[in-house]
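In what follows, a structure is listed as structure tokens, so that the remarks can point back to it.
The values are calculated or read from the model by the stated rules, or taken from the named source; none is laboratory data. Values in this document were obtained by computation on a predicted structure and should not be read as measured data. All Cβ positions, glycine included, derive from the backbone under ideal geometry; neighbour counts span all protein chains shown. For the accessible areas, the whole protein counts, side chains as well, though only heavy atoms, and no ligand, DNA or RNA atoms are used. Shrake-Rupley method; radii C 1.70, N 1.55, O 1.52, S 1.80 Å.
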Amino acid sequence: PPPPPLLLAVLAAAGGTWTDAGLDPSTLGRGARWASVLVGAVAVVYAAGALLPATRGLFEDQRHNGLTGAGIAFRMFVKVPVCTVLLEEIAFRGVLYGLVRRARGTVWATAVSSVLFGLWHVLPSLGLAAAVPALEPVFGHSVLGTAVVDFGAVLFTGAAGVVFCELRRRSGSLLAPMGLHWAVNALGYLGGFLLR
């Protein structure tokens, strides 16, 4: 997506408001509370997953093997929040969701935002089967197995988009999906780093 200021300019040009984007100042406190609870919940789930032998291998990702502690910190506190969460949330759950919701309602806004969010992750999902060794026993190295993993990742991301949209709707704030989005990505990096 384009950078956030350009996205917000598109919103304004289309007659959208800060409320449409989930950025109304009156909702930020509620959104921050939702975000805090969601970050805590992800931390608990990830800790449990890291402690259980059956799920510990899911944290291993070959794409991050060369990262140092400083590299992980950079990803957690700069790259993920600024280059991923801020950009994607303003694009998909802020501007796109807000404008479609004004025109067609919540169901359409959720569907359009989530489908496009899933498709946005087609390229990042390529090679996932090779990068996560825990997937190899199930899907192998075949073209079909790789395609199933990539397709599954896109479907999962689209489903996550539905959850993010619902958080946006219930909280009235973009901060709620931002908190969950950050926690899932950033704490995943941390878990993989600590377990290697």
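In the chain, the longest principal axis of the Cα atoms and the axis of helix 143-171 are about 40 degrees apart. Going 7 Å from the Cα of Val162 in the Cα-to-Cβ direction, what parts of segment 89-127 have a backbone nitrogen less than 16 Å from that spot? What the label zone holds, given the 16 Å backbone N cut-off, is 106-119. Measuring r between the beta carbons of Arg63 and Asp24 and using R0 = 30 Å, the FRET efficiency lands at 0.20. Note down the magnitude of the dipole of segment 1-84 about its Cα centre, charges +1 on Lys and Arg C-beta and -1 on Asp and Glu C-beta and zero elsewhere, to the nearest 20 debye. It comes to approximately 180 debye. Given +1 at the Cβ of Lys and Arg, -1 at the Cβ of Asp and Glu and no other charges, the dipole of segment 42-196 around its Cα centre is 540 debye to the nearest 20. Neighbours of Gly98, meaning other residues whose beta-carbon lies under 10 angstrom from its beta-carbon, give a summed charge of +3 when Lys and Arg score +1 and Asp and Glu score -1.
Within the accessible surface of segment 1-129, defined with a 1.4 Å probe on protein heavy atoms only, the carbon and sulfur portion equals 74 percent. In the chain, taking the dipole from charged Cβ atoms about the Cα centre, the farthest positive-side position among Thr19, Thr157, Phe59 is held by Thr19.
Subtracting the Cα-Cα distance of Val143 and Thr106 from 0.36 nm times their residue separation leaves 9.5 nm of extension gain. Dividing the summed -39500 (n - 2.57) terms of all DSSP H runs of n ≥ 4 by the residue count of the chain sets its mean residue ellipticity at 222 nm at -20500 deg cm²/dmol.
With respect to the chain, whose longest principal axis is taken over its alpha-carbon atoms, helix 175-195 is tilted by about 10°. Taking label points 7 Å from Cα along the Cα-to-Cβ direction, Val115 and Ala70 give a separation of 4.6 nm.
Each of the peptides 182-192, 75-85 was scored by the mean count of other Cβ atoms within 10 Å over its residues; in descending order, highest first, they stand as 182-192, 75-85.
Accessible surface area normalised per residue over segment 40-196 is 51 Å², counting heavy atoms of protein chains with a 1.4 Å rolling probe.
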